[in-house]
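To keep things clear, I will list the structure first and then write my remarks on it.
The values are calculated or read from the model by the stated rules, or taken from the named source; none is laboratory data. The structure presented is a predicted model; accordingly, all values stated were derived computationally and were not measured. Note: ideal-geometry Cβ built from the backbone for every residue, glycine included; neighbour counts use all protein chains shown. The protein model used for the area step is the full one, side chains on, heavy atoms only, and it has no ligands, DNA or RNA in it. Shrake-Rupley method; radii C 1.70, N 1.55, O 1.52, S 1.80 Å.
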Amino acid sequence: MSVRPPFYRPLANEQQVFRVAYDARVPLMLTGPTGCGKTRLVEHMASVVDQPLITITCHDDLTSADLLGRFLVKSGDVEWADGPLTRAVREGAICYLDEVVEARRDTLAALHALTDHRRTLYLDRIDESVRAPDTFMLVCSYNPTSRSVLKELKPSFRQRFVGIDLDYLPPEAEAEVICSETTANPEVARKLVELARGLRAASESSVHEPPSTRSLVTAAKLVAAGLGQSDAVEAAVMAPLVSGGPLDEGLRE
């Protein structure tokens with residue numbers, strides 16, 4: 001029995017580029033604002049190519065051992081346990097590093113031989129080289145518009161990847177996504193998108209992150225569950241963005 005791929009509303013030709021990159025066995029870098037559909041694209045395409053997906057959320061404390069594996073004590077014996085990246089390579093899965101810019105540079109160094117012509121993962125601690133099968137693909141993502149200026153990827157690392165730059169969908173398409181993900185009616189979806197577009201325009205000249213499509217879907221779910229529209233917007237859209245003060249009151253207005 002075939003499983004229908006998760007719904008994804010394309011912005012441009014990103015599905016085609018993803019598929020060609022997969023067939024050509026080259027790694028892929030997705031960029032775009034938070035909640036614009038990067039993760040959903042990966043989930044959708046993993047289903048399209050019928051390969052398992054292993055997702056790794058990157059953060060400051062992520063070490064190479066967290067990716068590759070480590071020795072563990074089991075029943076008095078010391079055994080090697082593969083990390084999620086190593087499992088993905090062995091299984092020929094799609095490995096997705098979400099918000100890769102948050103990872104330490106020494107951790108990302110473990111990806112170098114995997115993202116060039118070698119397509120090989122070196123496990124120094126067990127003296128093993130794991131050659132990636134044709135079905136394996138490495139996909140990374142990050143938000144280049146983040147307010148943090150302390151972290152960025154080295155150009156030499158980015159150039160190892162084919163790039164897809166995503167953004168929020170046009171209003172009609174974004175409203176379509178909200179309706180497809182919830183039981184909200186089209187008028188509620190339209191109002192949420194109109195609100196988001198205003199806040200996104202305001203965020204260009206303020207310190208606030210723009211509201212994501214994900215937060216609009218959450219607000220629509222709250223409305224569909226019986227919460228008033230204003231309360232749903234406050235809880236799902238405004239509260240995560242603001243922390244109080246005159247500027248925040250202006251955004252709420």
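Here are the numbers:
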read-out	value
Among 69, 35, 226, residue whose mean-square fluctuation peaks in a GNM of the chain (springs only between Cα atoms under 10 Å)	226
Interchain or long-range residues, amide H under 5 Å from residue 80's placed H	72
The chain, accessible area per residue, ligands and nucleic acids excluded (1.4 Å, Å²)	53 Å²
Förster radius 41 Å - calculated FRET efficiency between residue 128 and residue 235 (Cβ-Cβ, nearest 0.05)	0.25
Residue 151 paired with residue 72, simple spin-label distance in nm, labels 7 Å along Cα-to-beta-carbon	2.6 nm
Whole-Hz ³J(HN,Hα) from phi, Karplus 6.51 cos²θ - 1.76 cosθ + 1.60, for segment 213-219, glycine and proline x	4, 4, 5, 5, 4, 4, 4
Accessible carbon and sulfur surface of segment 172-224 relative to its total accessible area, %, 1.4 Å	55 percent
Residues with amide H under 5 Å from that of residue 140, placed H, sequence gap 5 or more	28, 29, 30, 97
Net lengthening on full extension, residue 15/residue 79 (0.36 nm per residue, minus Cα-Cα)	19.0 nm
Apportionment of accessible area to carbon and sulfur, segment 1-154, percent (1.4 Å)	49 percent
Distance (nanometres) between label positions extended 7 Å along Cα→Cβ at residue 49 and residue 65	3.2 nm
Given charges at beta-carbon only (K, R positive; D, E negative), |dipole| of segment 70-225 in Debye	300 debye
Using θ = phi - 60° and Karplus 6.51 cos²θ - 1.76 cosθ + 1.60, couplings along segment 18-31 (whole Hz; Gly, Pro as x)	4, 5, 5, 4, 4, 5, 7, 6, 10, x, 10, 10, 9, 10
Highest-MSF residue in the chain out of 201, 21, 110 [GNM, Cα springs under 10 Å]	201
Rounded tilt (10° steps) of 38-48 against the dominant C-alpha axis of the chain	60 degrees
Estimated FRET transfer efficiency when R0 is 41 angstrom, pair residue 194-residue 109 (beta carbons, to 0.05)	0.35
Mean ellipticity per residue at 222 nm, deg cm²/dmol - from DSSP H runs of n ≥ 4 across the chain, formula -39500 (n - 2.57)	-10500 deg cm²/dmol
